[in-house]
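Here's the structure, in structure tokens; my notes come after.
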Amino acid sequence: MEPPSKRIAQRHEVSIPVTVDTGDEKREAVITNLSVGGLYIEDEGGPYSPRAVVGVTFSIPTLDEPISVEINVRWVNRAGDKVMGFGAQFIGLTAKEVWALTKFFSSAHQPTDGE
């Protein structure tokens, strides 16, 4: 269960491949929850701890180049001693990346033909 928070940005359920760079290794994982403020990454067994800073790289269709940014791990979801994923806050998204994320969220919620 996700800890209580004081989030300002609305979260969106997604399934986006992401590369996580811990400095010691690069891991492939999946973003399952995303906002302009942060994200949740499902990654079993990664070496994550609260306040750790790691790099992430992922792509969205509203931006021509991948987003590559540092994140601050805020909390870790564990099942016993096993890491299941973690919630993190973006550090230093550019204005262009925030714009692209906002556009991505609005386009993801547009009705398609037949809806």
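Summary of computed values
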{"item": "Counted residues, segment 56-98 - those being assigned to a strand (DSSP E or B), closer than 15 Å to residue 38 by Cβ and β-branched (Val, Ile, Thr)", "result": "7"}
{"item": "Subset of segment 17-31 [within 20 Å of residue 105 (Cβ to Cβ) and either surrounded by 17 or more Cβ atoms within 10 Å (Cβ to Cβ) or at pLDDT below 95 (or both)]", "result": "18, 31"}
{"item": "The lone exception for residue 40 - which of (1) modelled with pLDDT of 95 or more; (2) part of a loop (DSSP other than H, G, I, E, B) it fails", "result": "(2)"}
{"item": "So residue 57, is it under 18 Å from residue 23 (Cβ atoms) and either hydroxyl-bearing (Ser, Thr, Tyr) or over 13 Å from the mean Cα position of the chain (by Cα) (or both)", "result": "yes"}
{"item": "Total residues in segment 1-13, condition farther than 21 Å from residue 94 by Cα and either modelled with pLDDT of 95 or more or in contact with a Phe, Trp or Tyr (Cβ under 9 Å, 6 or more places away or on another chain) (or both)", "result": "3"}
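Matching residues to (1) aliphatic (A, V, I, L, M); (2) touching a strand residue (DSSP E or B) at 6+ places or on another chain (Cβ under 8 Å); (3) without any contact (Cβ under 8 Å) to a residue 12 or more places away in the chain:
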position	(1), (2), (3)
29	yes, yes, no
38	no, yes, no
52	yes, yes, no
57	no, yes, no
81	no, no, yes
93	yes, yes, no
97	no, yes, no
101	yes, yes, no
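The values are calculated or read from the model by the stated rules, or taken from the named source; none is laboratory data. Keep in mind the model is a prediction, meaning the values are calculated, not measured. Here the Cβ is made from the backbone with ideal geometry for all residues, glycine too, and neighbour counts use every protein chain on show.
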